[in-house]
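The values are calculated or read from the model by the stated rules, or taken from the named source; none is laboratory data. Just so we're clear, the structure is a prediction, and the values are computed from it rather than from any experiment. Reconstructed Cβ throughout: ideal geometry from the backbone, glycine too, with neighbour counts over all protein chains shown.
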Amino acid sequence: MSLTFKDVSEILKMIDASDCDELILELEGARLVVRRNTAGTASATFTPASGEEVPVTLPTAETTKPLAPEEPAASSEPGMTDIRAPMVGTFYRRPSPDEPAFVEEGAKVKQGEALCLIEVMKLFTTIEAPVDGTVISIAVEDGALVEFDQLLCRIKA
């Protein structure tokens, strides 16, 4: 079993809402450690199978915006839906290097259809179409680093 970014985010939210002071989670050789100090602030580290410990920046109320993936992003043009990155990571247009892209510009898509992947520390999150429509533009190159809330593509309903 592997964890997605959404899984890790939900785990961190549950820990933040609980009285838990420490969590150590080990799956398939990877290890996630979250500790809360006496001041109530938390720190986390992630150790992938490579064994190299990586500090994790935990979101705070001041630095996060609530995500609502169920609701299509508003666009400046009527009938257009902007698909934005829900996290920082590497953008992939295809499921693997030897397979075709999920979608191309001009392709018709159905709600829930895969548009791309975003990879964060070997965890892949599938970004799905929030509406039926036609892909008007793809704003990111395959393999490029994307920032939170960066425009990925546009769909015309």
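In contact with a Gly (Cβ under 9 Å, 6 or more places away or on another chain), over 29 Å from Leu27 (Cβ atoms), surrounded by 13 or more Cβ atoms within 10 Å (Cβ to Cβ) and without any contact (Cβ under 8 Å) to a residue 60 or more places away in the chain: which single residue out of Ala101, Ala129 fits that description?
Values: Ala101 fails: in contact with a Gly (Cβ under 9 Å, 6 or more places away or on another chain).
So the residue among Ala101, Ala129 that is in contact with a Gly (Cβ under 9 Å, 6 or more places away or on another chain), over 29 Å from Leu27 (Cβ atoms), surrounded by 13 or more Cβ atoms within 10 Å (Cβ to Cβ) and without any contact (Cβ under 8 Å) to a residue 60 or more places away in the chain is Ala129.
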Any hit, segment 82-98, residues being in contact (Cβ under 8 Å) with a residue 12 or more places away in the chain and in contact with a Ser or Thr (Cβ under 6 Å, 6 or more places away or on another chain): yes
The one condition in (1) outside the structural domain of Glu10 (by TED's automatic domain parsing); (2) modelled with pLDDT under 60 that Thr41 fails to fulfil: (1)
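Looking at segment 79-131, which of its residues are among the β-branched types (Val, Ile, Thr) and part of a strand (DSSP E or B)? Steps first, please.
Step one: of segment 79-131, the residues among the β-branched types (Val, Ile, Thr) are 81, 83, 88, 90, 103, 109, 118, 120, 125-127, 131.
Within segment 79-131, Thr81, Ile83, Thr90, Val109, Ile118, Val120, Thr125, Thr126, Ile127 meet the criteria.
Return the residues of segment 76-89 that are of a type outside the set (A, V, I, L, M, F, W, C), out of contact with any Lys or Arg (no Cβ under 8 Å at 6 or more places or on another chain) and surrounded by 15 or more Cβ atoms within 10 Å (Cβ to Cβ); say none if nothing qualifies. Working first, answer last.
Of all residues in segment 76-89, those of a type outside the set (A, V, I, L, M, F, W, C) come to 76-79, 81-82, 84, 86, 89.
Within this subset, residues satisfying the condition of being out of contact with any Lys or Arg (no Cβ under 8 Å at 6 or more places or on another chain) are 76-78, 84, 86, 89.
Hits for segment 76-89 are Arg84, Pro86, Gly89.
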